[in-house]
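*Asks:* For reference, the structure I am asking about is given below.
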Number of protein chains: 2
Amino acid sequence: MNVENTKAQMRKGVLEYCILLILSKNDAYASDIINHLKEARMIVVEGTLYPLLTRLKNAELLSYRWEESTQGPPRKYYELTDKGKSFLQELDTSWSELTSAVGQINQRN
Amino acid sequence: MNVENTKAQMRKGVLEYCILLILSKNDAYASDIINHLKEARMIVVEGTLYPLLTRLKNAELLSYRWEESTQGPPRKYYELTDKGKSFLQELDTSWSELTSAVGQINQRN
DNA sequence: AGATAGTACTTGGCAATACATAGTAGTATT
DNA sequence: AATACTACTATGTATTGCCAAGTACTATCT
C-alpha cells in the first residue's frame with residue numbers, strides 16, 4: 001500500500017471515462033488523446049492507452065477510421081458510437097455520484 | 001463493459017480513501033462505517049469492508065481495539081495510526097488531482 | 001537502394017482491489 | 001437447548017491500469 005499504487009487504483013474506470021469525454025468533443029487519434037490527458041495532468045503512456053482503446057472499440061463504444069498522415073504512418077482516428085455516447089452519460093452520472101459521496105464523507109464532522 | 005462494472009472499477013482505491021476519511025473523524029467499528037458510507041450513498045457490504053479493513057490494518061494504517069457491546073459479540077473499533085494519517089493526506093492530494101483532471105477534461109471545448 | 005530515425009500501433013503478462021459467497025463464532029432471547 | 005441476531009473471517013473471481021518489449025510503416029539521409 002503506497003500512494004502511487006493507490007493512485008493507479010483510483011484511475012481504474014476513470015481513465016475510460018476520460019477517454020470517452022475527450023472523444024465526445026472531437027475525433028482523435030492516440031497521440032492527441034495522450035496530449036489532452038497530459039494537459040489535464042493525467043499522464044498516460046501508449047502501452048496503457050492502446051489496449052484500452054481496443055477494449056472500448058470491441059465493446060462497440062468507439063469506432064475508428066484510418067487517416068493518412070504527412071508525418072509518418074497512417075493513424076487510427078477514434079470516435080464515439082451512439083452506444084458510446086449513452087454509455088458516457090451513464091458514466092457521467094456514476095462519476096458525479098462518486099465525487100458527491102466522497103465530498104459528503106469528507107465534510108462530515 | 002457495463003456501467004455497474006465500471007462503477008465498481010471507479011471505487012477501486014476510493015473506498016480505502018473514504019474509510020480513512022471516516023476514521024479520521026471518529027473511531028468506528030464496521031457497522032458504523034457501513035452506515036456512514038450508506039448516508040453518503042456509497043453502498044458497501046461486510047464482505048467488501050472486512051477484507052479492506054484487514055488490509056489497511058496489515059499495512060499499519062489502522063489499528064483496533066476490542067470493545068464489549070450490550071447488543072451482541074464484542075466489536076473491533078478501528079482508528080487511524082500516525083502512518084494512516086499521513087497516508088490519508090497523500091490520498092487527499094491524489095483524489096484532488098484526479099477530480100481536477102477529470103473536471104478539466106470535462107469542460108474543455 | 002539501404003540504413004537510420006521517427007511515428008504509430010500491438011501484445012501478453014502482472015499486480016492489485018472490489019465484490020460475492022459461504023462460513024464461523026459469540027451473545028441475547030425464548 | 002434452540003433460535004435469532006450480531007460481528008467477523010476466508011477464499012476465489014473478475015476486471016483494469018500498467019509495464020515492457022515488440023512489430024510495422026513512413027520519412028530522411030547517405
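*Asks:* Hey, can you tell me all the residues within region B:4-28 that are within 21 Å of residue B:87 (Cβ to Cβ) and within 12 Å of DNA strand D (Cβ to nearest atom)?
*Replies:* B:10, B:11, B:12, B:13, B:27, B:28
*Asks:* So if I check each of A:72, A:84, A:13, which one is surrounded by 13 or more Cβ atoms within 10 Å (Cβ to Cβ), at positive phi and of a type outside the set (S, T, N, Q)?
*Replies:* Within the list A:72, A:84, A:13, the selection yields A:13.
*Asks:* Continuing with the same structure: Going by the conditions given, is residue B:16 of a type outside the set (Lys, Arg) and either touching a residue at least 24 places away in the same chain (Cβ under 8 Å) or near DNA strand C (Cβ under 9 Å from one of its atoms) (or both)?
*Replies:* Here the answer is yes, as residue B:16 does meet what is asked.
*Asks:* Is it true that some residue in region B:8-26 is out of contact with any Pro (no Cβ under 8 Å at 6 or more places or on another chain), more than 18 Å from residue B:76 (Cβ to Cβ) and of a type in the set (Asp, Glu)?
*Replies:* No, region B:8-26 contains no residue that is out of contact with any Pro (no Cβ under 8 Å at 6 or more places or on another chain), more than 18 Å from residue B:76 (Cβ to Cβ) and of a type in the set (Asp, Glu).
*Asks:* How do the pairs read when you match residues in region A:33-52 that are over 10 Å from residue A:15 (Cα atoms) with residues anywhere that are aromatic (Phe, Trp, Tyr) and away from DNA strand D (no atom under 12 Å from the Cβ), using Cβ under 9 Å and keeping only pairs 6 or more apart or on different chains?
*Replies:* Cβ pairs passing all conditions: A:33/A:78.
*Asks:* Continuing with this model, one more query. Kindly provide the set of residues from region B:52-73 that are more than 29 Å from residue B:90 (Cβ to Cβ) and more than 7 Å from DNA strand D (Cβ to nearest atom), ordered by number.
*Replies:* Scanning region B:52-73 gives B:66, B:67, B:68, B:70.
*Asks:* Right, another one. Is at least one residue of region A:98-105 more than 10 Å from chain B (Cβ to nearest Cβ), without any contact (Cβ under 8 Å) to a residue 60 or more places away in the chain and out of contact with any helix residue (DSSP H, G or I) (no Cβ under 6 Å at 6 or more places or on another chain)? Before the answer, list the steps.
*Replies:* Restricting attention to region A:98-105, the residues satisfying the condition of being more than 10 Å from chain B (Cβ to nearest Cβ) are none.
No, region A:98-105 has no match at all.
*Asks:* Can you name the condition, by its number, that residue B:23 falls short on among (1) at the interface with chain A (Cβ under 10 Å from one of its Cβ atoms); (2) crowded, with 19+ Cβ neighbours inside 10 Å; (3) not small (Gly, Ala, Ser)?
*Replies:* (1)
*Asks:* Can you report the number of residues in region B:53-80 which are away from every other protein chain (no Cβ under 12 Å) and more than 13 Å from DNA strand C (Cβ to nearest atom)?
*Replies:* The number of residues fulfilling the criteria is 7.
*Asks:* Name the pairs: first residue in region B:56-74 and over 15 Å from residue B:30 (Cβ atoms), second residue near DNA strand D (Cβ under 9 Å from one of its atoms) and assigned to a loop (DSSP other than H, G, I, E, B), Cβ to Cβ under 6 Å, at least 6 apart or on different chains?
*Replies:* Cβ pairs passing all conditions: B:68/B:74.
Throughout, read-outs are computed from the coordinates displayed, never taken from laboratory work. None of the values given here were measured: they were computed from a predicted structure. Please note: Cβ atoms are built from the backbone with ideal geometry, for glycine as well, and neighbour counts cover all protein chains shown.
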